[in-house]
Amino acid sequence: MIEFTLPKWYDLHAHFRQGGVLEPYIKAHLDMGCAGALAMPNTKPPTAVVFEDDENNGKYWSIERYMRDLRAAGADKFKELIVPLYLTIDTSPDMIIKGAGSGLLKACKSYPPHGTTGAEYGVPTTKFMDNGVFEAMEQAGIVLCVHGEEHGLSPDHYFDYGQNAETIFYDNYMPIVRDKFPNLKIVCEHVTTKKAVDFVLGAGPNTAATITPQHLIYTIGDLLQGLKYHLFCLPLLKYSEDRQALRKAVTDPNNTQFFAGTDSAPHTTKATDCGCAAGCFTGGIAPQLYAQGFELAGVDLSSQYGQDIFRKFLCENGASFYGFNLLDDSFTLRKEDMPVKVLETSEGNVVPLPLGLKNYTLPWSIKL
Ligand code: DOR
Ligand code: ZN
């Protein structure tokens with residue numbers, strides 16, 4: 001039986017939502033050995049100011065308020081918790097400087113306008129290159145988390161063989177941001193294409209990327225064959241060549257730039273009357289899925305060599321990029337089937353990704 005122990009890890013991209021569902025979603029993270037998270041700010045309203053006093057009669061939520069709610073719902077057990085500031089038309093350099101000074105602001109999140117769930121308040125990245133916001137972030141050491149997809153494309157440009165929303169974004173904008181703000185720490189969130197991987201690899205140590213379990217395991221064909229909408233997330237799954245680039249990046253023994261960020265995105269209703277909510281729920285099962293993905297990528301997790309590579313991705317690289325401590329607390333992964341269960345919440349059931357694909361067990365189990 002293959003079994004190995006890892007330090008507790010940080011999920012550097014997760015969605016916990018708001019209200020009564022916070023508790024089960026955070027518990028699912030604690031149950032998978034997670035000791036901290038970046039809790040995404042695409043709440044309703046968006047978490048787009050730092051201080052409660054600036055909420056502007058409910059137009060925005062504050063990091064101060066969201067962190068308090070998260071902690072009250074169980075995130076106080078995390079060793080680290082970051083809520084990135086949602087960058088909007090109202091974000092100013094002054095907010096960045098004051099937020100950074102208070103210690104509440106550690107990262108900002110850039111969303112493509114209307115490009116994904118909760119991205120209605122997103123603003124094109126170019127705006128922040130010119131209005132002093134990226135400059136203030138660079139000076140204050142605030143991390144930029146980017147959802148790297150071009151917005152407002154026509155369908156034939158949105159997803160075509162030679163290009164898609166992500167490749168267009170990485171072709172047109174990221175090299176400019178990187179050159180203009182060389183000391184800005186950037187995380188390219190949930191990268192899905194060879195284009196984005198190549199950008200990160202060539203962009204130096206201030207640039208990193210998160211990768212989700214689903215993008216390591218599946219391709220667009222898995223989603224399309226039978227229209228398995230539980231695999232619908234944004235950015236979309238891509239081609240095998242792209243998946244190969246992701247697998248190569250995370251399994252490189254010298255990988256320092258790629259790390260775990262699940263983008264676990266619970267939806268109590270996935271299929272709607274006109275489409276599908278974007279997001280795969282992987283709370284409770286992400287290390288197991290990542291282990292599955294690494295094995296599919298050819299890593300021998302029974303060897304110390306393979307386990308070291310996996311630990312860099314899951315536990316070490318992200319902690320180091322965000323300046324978190326590596327933890328003494330640990331958890332164990334074991335190559336033994338584990339049942340996947342629906343998560344019941346006050347707003348309805350959430351179906352974890354494998355169950356949505358009619359996989360009732362995972363090949364790996366977890367022990368805290
Ligand atoms: O698939 C996604 N779901 N992508 C995102 O960017 C947002 C997320 C969500 O909040 O559901
Ligand atoms: Zn996300």
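A few remarks follow.
- Calculated mean residue ellipticity, 222 nm, the chain: -8500 deg cm²/dmol, from DSSP H runs (n ≥ 4) at -39500 (n - 2.57) each, averaged per residue and rounded to 500.
- Comparing Cα centroids, segment 305-349 and segment 173-245 end up 20 angstrom apart.
- Dipole-positive endmost among THR117, ASN254, LEU201 within segment 3-367 (Cβ charges, Cα centre): ASN254
- Residue by residue, segment 308-321 carries 3J(HN,Hα) couplings of 5, 5, 5, 5, 4, 5, 7, 10, 9, 5, x, 4, 5, 5 Hz when phi is fed to the Karplus relation 6.51 cos²θ - 1.76 cosθ + 1.60 (θ = phi - 60°); x denotes Gly or Pro.
- Residue-span extension gain [THR256 to ASN57] - 0.36 nm each, minus C-alpha spacing: 67.4 nm
- Measuring nothing but how far apart in sequence close Cα pairs (under 8 Å, 6+ apart) lie, relative to its length, segment 152-242 scores a relative contact order of 24 percent.
- Neighbour count of at most 15 Cβ within 10 Å plus DSSP loop: longest GluC sites (Glu not before Pro)-free window in the chain: 121-335
- Taking each residue as 0.36 nm, the span from SER303 to ALA271 lengthens on full extension beyond its C-alpha to C-alpha distance by 7.4 nm.
- Cβ crowding within 10 Å ranks VAL83, VAL177 as VAL177, VAL83, fewest other Cβ atoms first.
- With the cut-off at under 12 Å, measuring from each backbone N in segment 33-62 to a point 7 Å along the Cα-to-Cβ line of MET338 picks out 33-34.
- Diffusion of the chain by Stokes-Einstein, at 20 °C in a medium of 1.002 mPa s and with Rh set to the Kirkwood radius over alpha-carbon pairs, works out to 105 µm²/s.
- In terms of other Cβ atoms within 10 Å, VAL143, VAL340 run from fewest to most in the order VAL340, VAL143.
- Rough spin-label spacing in nm, given labels placed 7 Å along Cα→Cβ, for SER330 and ASN359: 2.7
- Farthest toward positive dipole pole in the chain [+1 Lys/Arg, -1 Asp/Glu at C-beta], among ILE63, GLY103, LEU314: LEU314
- Segment 4-47 residues near the modelled ARG71 label - backbone nitrogen below 16 Å, point 7 Å along Cα→Cβ: 36-39
- Segment 102-154 and segment 1-28: distance between their alpha carbon centers, rounded to Å: 25
- The lysines within cross-link reach of LYS270, meaning a Cα-to-Cα straight distance under 21 Å and a gap of 8 or more places when in the same chain, are LYS44, LYS228, LYS238, LYS341, LYS358.
- Charge dipole magnitude, Cβ of K and R +1, D and E -1 - the chain, Cα centre, debye nearest 20: 540
- Mean Cα-pair separation over length for the chain, i.e. relative contact order, pairs under 8 Å, 6 or more apart, %: 19
- Once the C-beta distance of HIS114 and LEU227 is scaled by a Förster radius of 25 Å, the resulting FRET efficiency is 0.60 to the nearest 0.05.
- Hits among lysines - C-alpha to C-alpha of LYS312 under 20 Å, sequence gap 8 or more where chains match: LYS8, LYS79, LYS185, LYS248, LYS335, LYS367
- Using 0.36 nm per residue and subtracting the Cα-Cα separation, the extra length available between LYS27 and ASP179 on full extension is 50.7 nm.
- Sorting CYS233, CYS315 by the number of Cβ atoms found within 10 Å of their own Cβ, with the fewest placed first, yields CYS315, CYS233.
None of the figures in this text is laboratory data; all of them are computed from the coordinates on show. Note that the structure is a prediction, hence the values are computed from the model and not measured. Please note: Cβ atoms are built from the backbone with ideal geometry, for glycine as well, and neighbour counts cover all protein chains shown.
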